[in-house]
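Data block below; observations after.
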Amino acid sequence: MTSGDSDDRPGRDEALAQLAVQGRLLHLAMMGLSTAAAARFGLQVIDQQCSGLLHQTGPISVGRLAELAGLTPSSVTGVVDRLERADLLRREPDPHDRRKVILVPLRSVEIEEVFQPLAQRFQAMYARYDDQELALLNDFLLHMTDNIRAHITTLRTRRSPDPAIGS
């Protein structure tokens, strides 16, 4: 019997409901982590998140950072200015188009030290899973991220039917 068969539906519905709850709880935990880390380093939450993105991606354009962070290019300018002042990135001319800027993340020993215990916890957690399970988890997270980014685009491009919403 496959997971889509009707006899299996109550168990699947419960699992999907639990997954939705766990997803929201993970989101809240990540927001809490971003808030605590930002406060620890004297940054705004979005600054801390963008700094983390830069360290994951390596050097990228301002536009790409905005896209990954779910921001407009104009709103990411202030973030970039603050991260540059905090010595968490530097701007370099794009070697292919001198009119553009590439953002280069700078190493912060303090930030690395603060996040090291969490990285160690994650490594211990990953040890619980075999390679196939890790591939499934990676696939799940990739698709979740893609879907969330697509929804961000939808939210930014569609006008609310109720003018009172979003004002």
(Q) Can you report the principal axis dimensions of the range 56-167 using only the alpha carbons, biggest first, rounded to whole angstrom? (A) 46, 40, 29
Q: Could you state how much accessible area residue 61 has, in square angstrom rounded to the nearest 10, with a 1.4 Å probe and all protein chains kept in place?
A: 40
Q) Taking the Cα centre of each part, how many Å lie between the range 78-117 and the range 120-152? A) 26
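What value, in deg cm²/dmol to 500, does the helix sum -39500 (n - 2.57) over DSSP H runs of n ≥ 4 give at 222 nm once divided by the residues of the chain?
Here the helix-only value at 222 nm equals -23000 deg cm²/dmol.
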Q: Would you calculate the separation in nanometres between label points at residue 110 and residue 81, each defined as 7 Å from the Cα along the Cα-to-beta-carbon direction?
A: 2.2
Q. Can you pull the percent of the range 26-167's accessible area that's carbon plus sulfur, 1.4 Å probe, other chains left in place?
A. 57
Q | Interchain or long-range residues, amide H under 5 Å from residue 100's placed H | A | 94
Q: With a point put 7 Å past each Cα toward its Cβ, work out how far residue 72 is from residue 127 in nm, to one decimal.
A: 4.9
(Q) Quick check: residue separation of residue 53 and residue 20 times 0.36 nm, minus the Cα distance between them. What number comes out in nm? (A) 9.4 nm
Q | Extension gain from residue 31 to residue 140, taking 0.36 nm per residue of separation minus the Cα-Cα distance | A | 37.3 nm
Q. What are the DSSP H helices in the chain that stretch 20 Å or more along their long axis, judged by alpha-carbon atoms, and whose average Kyte-Doolittle hydropathy comes to at least 0.0?
A. 9-41
Q. Given a 1.4 Å probe, how much area per residue of the chain is accessible, in Å²?
A. 74
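The values are calculated or read from the model by the stated rules, or taken from the named source; none is laboratory data. For clarity, every value in this text was computed on a predicted model and none was experimentally measured. Neighbour counts run over all protein chains shown; Cβ positions are idealised from the backbone, glycine included. Surface areas here come from the heavy atoms of the whole protein model, side chains and all, with no ligands, DNA or RNA. Shrake-Rupley method; radii C 1.70, N 1.55, O 1.52, S 1.80 Å.
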